[in-house]
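Enquirer: Mind looking over this structure? Questions follow.
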Amino acid sequence: MGRHALPGTPPVPLTLRKSARARRISLRISQLDGRVTLTYPTGVAEAEALDFAQQKEGWIRGHLQDRPSIEAVGVGQFIPIEGTARRIVPASGRRVLLSGDAIGVPPGAEARRLARFLKELARDRLTGACDDYAAMLGRSYSSLTLRDTRSRWGSCSSAGGLMFSWRLILAPTEVLHYVAAHEVAHLAEMNHSPAFWAQVERIFGPYKEPRRWLRDNGAELHRYRFDSVA
C-alpha cells in the first residue's frame, strides 16, 4: 500500500491499494476511522488513480465532514451504555458504579478505569449471549476476546475463536446480541451464504433492524475517547 494525500486545507491522507481483482478505480471511506482508501487495478497507473481521487475531492471532503466529532469523556458528560445515555458523575470509593441514568467514577480516577469497567461489562454481556446462542446452535466456541477494533465489530476464526469490539457495550442491547449471534453462526457456516443468514435468524430472530442500526450508527460508538476523565 502507498501513502499519499490530497492537497488542500487540511490535506486528506490517502491509502493507495493496487489490486489484481479490482476492475475499476474505487474510493472507500471507513465509517469507523475516516480512512480514505483508493483501490485501482494493476493495469492502471498510480498517477491516473490519484487523478481520479482529485476529481472526487468534493465528495471525499463532504463525507469526512459528516463524520461524528471525537469527544473526550469527562464528568458531567453523557455516554451511551447499553444504548441508554448515562451522565458521568463523581463517585465515592474506588469503584465505578452504574446506576440508573448515571455512571459514577471516583474523583481523579483515570479514564482507563471507566474503559476497564465498560470492557468487563461487555465481556459479561457477550459471554452470556454467546453461551446461549452456541447452545442453540449446538456448537461450542474455543475463546472469546475483546479488542478496540475499527475495521469490524466481531469475527470468528476457523478454530472457533470469537472476537468482538468492546464498544458494542455502548450500543443498544439487541445490537450487541445480534453481533454475538452473527459470529456464533459462523461456527456452523464460515461464509455469508443464505444458509448462514438462516442460522442467524434461527438463533437470534429477525436481524435486519439491529444490523441496520449498526450500519447507520456504528461510527458514533468510536467518537468517545477515554484519555482522561476529570
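Enquirer: Scan around residue 104 for amide H atoms under 5 Å from its own, H built in the peptide plane at 1.01 Å from N, and keep only partners 5 or more places away or cross-chain.
Expert: Amide H to amide H, under 5 Å and 5 or more residues apart or across chains, residue 104 pairs with 89, 97, 98, 99.
Enquirer: From the backbone phi of segment 81-89, what are the Karplus-calculated ³J(HN,Hα) couplings (6.51 cos²θ - 1.76 cosθ + 1.60, θ = phi - 60°) in whole Hz, Gly and Pro given as x?
Expert: Running phi through 6.51 cos²θ - 1.76 cosθ + 1.60 with θ = phi - 60° gives 10, 6, x, 10, 5, 10, 7, 7, 10 Hz.
Enquirer: Quick one: which residues, 5+ away or cross-chain, put their amide H under 5 Å from the amide H of residue 86? H built at 1.01 Å from N.
Expert: 79, 81
Enquirer: What distance in nm separates the simple spin-label points at residue 45 and residue 102, each placed 7 Å from Cα in the Cβ direction?
Expert: A separation of 6.6 nm, rounded to one decimal place.
Enquirer: How big is the Cα convex hull of the chain in projection, averaged over all directions, in nm²? All intermediate terms of the calculation are to be shown ahead of the outcome.
Expert: Working: hull surface 60.5 nm².
Mean projected area for the chain: 15.1 nm², to one decimal.
Enquirer: Still on this structure, I have one more. Please report, ordered by residue number, every helix of the chain (full DSSP H runs) that is 27 Å or longer along its axis going by C-alpha atoms and whose mean Kyte-Doolittle hydropathy reaches -1.0.
Expert: For the chain, where a helix must reach 27 Å along its axis and average at least -1.0, the hits are 111-137.
Enquirer: Name the most mobile residue of 168, 114, 14, meaning the one with the largest mean-square fluctuation, in a Gaussian network model of the chain with Cα contacts below 10 Å.
Expert: It is 14.
Enquirer: Here's another thing I want to ask about it. So, with +1 on the Cβ of K and R and -1 on the Cβ of D and E, and no other charges, what is the size of the charge dipole of the chain about its Cα centre, to the nearest 20 debye?
Expert: 380 debye
Enquirer: If I stretch the segment between residue 198 and residue 113 completely, what's the gain in nm (0.36 nm per residue apart, minus their alpha carbon distance), one decimal?
Expert: Contour length minus the Cα-Cα distance gives 26.6 nm.
Enquirer: With a point put 7 Å past each Cα toward its Cβ, work out how far residue 4 is from residue 188 in nm, to one decimal.
Expert: Distance between label points: 4.7 nm.
Enquirer: Could you check the spin-label model distance between residue 148 and residue 173? Points 7 Å from the Cα along Cα→Cβ, value in nm.
Expert: The answer from the label model is 2.7 nm.
Enquirer: Here's a follow-up. Need one value: the accessible area of residue 145 in square angstrom, 1.4 angstrom probe, rounded to the nearest 10.
Expert: For residue 145, the solvent-accessible surface is approximately 60 Å².
The values are calculated or read from the model by the stated rules, or taken from the named source; none is laboratory data. For clarity, every value in this text was computed on a predicted model and none was experimentally measured. Methodologically, a virtual Cβ is constructed for each residue, glycine included, from the backbone with ideal geometry; neighbour enumeration extends over all protein chains shown. Only protein heavy atoms, including side chains, enter the accessible area calculation; ligands, DNA and RNA are left aside. Shrake-Rupley method; radii C 1.70, N 1.55, O 1.52, S 1.80 Å.
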